[in-house]
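Notes follow the structure.
The values are calculated or read from the model by the stated rules, or taken from the named source; none is laboratory data. Keep in mind that what you see is a predicted model, and the values were worked out from it rather than measured. For neighbour counting, all protein chains shown are included, and Cβ atoms are generated from backbone atoms with ideal geometry for every residue, glycine included. Just so you know, the surface numbers come from the protein's heavy atoms only, side chains and all, with ligands and any DNA or RNA stripped out. Shrake-Rupley method; radii C 1.70, N 1.55, O 1.52, S 1.80 Å.
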Amino acid sequence: MARQRLVDESMSAWRAIRDTMNDPANLAEASRWADEAKIALGERGPAWWTDGQADLNRHLVTNMPCAAWFGRL
């Protein structure tokens, strides 16, 4: 139930971004709202898992341990 509320909040924030593209002051507020919703959903911010592996998010695949495998695809 809480997750769905956060998803709904995120979608509302993205609609607000779309609707304020030509209004810098309100666009900044809508962007903050969307960021807060993403963080609450665990989609942004510090990694919540603790598997001991390096966080390779936002790295080019050519700079990752799987680069050779990916190159063969």
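Odds and ends about this structure:
- Among Trp48, Trp14, Trp33, the residue with the largest mean-square fluctuation in a Gaussian network model of the chain, with springs joining Cα atoms closer than 10 Å, is Trp48.
- Phi-based couplings in Hz for segment 8-22 (Karplus 6.51, -1.76, 1.60; Gly and Pro marked x): 4, 5, 4, 5, 5, 5, 5, 5, 5, 4, 4, 7, 10, 4, 9
- Coil-residue trypsin sites (Lys or Arg not before Pro) of segment 1-60, DSSP, other Cβ within 10 Å capped at 10: Arg58
- Heavy-atom surface of the chain, accessible at 1.4 Å and reported per residue (Å²): 83
- Each principal axis of the chain carries a Cα extent, and these read 45, 31, 20 Å when sorted largest first.
- Loop GluC sites (Glu not before Pro), segment 1-69 (other Cβ atoms within 10 Å of the site Cβ: 16 or fewer; DSSP): Glu43
- Considering only Leu56, Leu41, Leu27, the mean-square fluctuation computed in a Gaussian network model of the chain, springs between alpha carbons under 10 angstrom, is largest for Leu56.
- Put a dot 7 Å past the Cα of Ala54, heading toward its Cβ, do the same for Ala2, and the two dots end up 3.3 nm apart.
- Solvent-accessible surface (1.4 Å probe) assigned to Thr50 amounts to roughly 130 Å².
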